[in-house]
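A.B. asks: Structure incoming, see below.
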Amino acid sequence: MDKKEIYKMLEEIEEPMLGVDIVNLGLVYEVCVKDDRDVEIVLTTRNEDCMLADYIALSAREHLAGQMGNLEHIDIKMVSAPKWTQDRMSKYAKYLLDL
């Protein structure tokens, strides 16, 4: 298992209000594969008061656990700094959102 695999799986998680995946939105700040059984992911939301933070974290954890049954520990950290901006979005996400 490597970072690319994790990022690919996280691309399957959509931010529910926008319908665009969390990777292309730039909500995934970091993926750290500690060994073949432990993963740490640092996520953010589009704004500090986002009521979807828990939903996004839970969706990511459940999706990874379902796809990678050999994982023993999936640590999801939600952070508010650095603050998310549209600059973090991929060209693909901007295209989908007509920005």
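Read-outs: derived from the displayed coordinates by stated rules, not from any lab. Note that the structure is a prediction, hence the values are computed from the model and not measured. In this analysis, Cβ positions are derived from the backbone assuming ideal geometry, glycine residues included, and neighbour counts consider all displayed protein chains.
A.B. asks: Quick one: order Thr44, Thr85 by neighbouring beta-carbon count within 10 Å, fewest to most.
C.D. replies: The most exposed by this proxy come first: Thr85, Thr44.
A.B. asks: Computed over the Cα atoms of the chain, what is the convex hull's projected area averaged over all directions, in nm²?
C.D. replies: It is 5.9 nm².
A.B. asks: Taking 0.36 nm per residue of separation and subtracting the Cα-Cα distance, what length does fully extending Asp75 through Leu99 add?
C.D. replies: Going from the current span to full extension adds 5.4 nm.
A.B. asks: Excluding same-chain residues fewer than 8 positions from Lys8, which aspartates and glutamates have a Cα within less than 19 Å of its Cα?
C.D. replies: Asp21, Glu30, Asp35, Asp36, Asp38, Glu40, Glu62, Asp75
A.B. asks: Roughly how many nanometres apart are two label points built 7 Å out from the Cα toward the Cβ at Asp38 and Lys91?
C.D. replies: In this crude label model, Asp38 to Lys91 measures out at 3.9 nm.
A.B. asks: Taking neighbour counts of Cβ atoms within 10 Å as a proxy for exposure, in what order, fewest first, do Met1, Met17 appear?
C.D. replies: In increasing order of surrounding Cβ atoms, one gets Met17, Met1.
A.B. asks: Right, here's the next one. With springs only between Cα atoms under 10 Å, which of Ala65, Ala81, Ala57 fluctuates most in a Gaussian network model of the chain?
C.D. replies: Ala81
A.B. asks: Here's another thing I want to ask about it. Cα-Cα over 20 Å: which of Lys3/Lys83; Lys3/Lys34; Lys4/Lys83; Lys34/Lys91?
C.D. replies: Correct reply: Lys3/Lys83; Lys4/Lys83; Lys34/Lys91.
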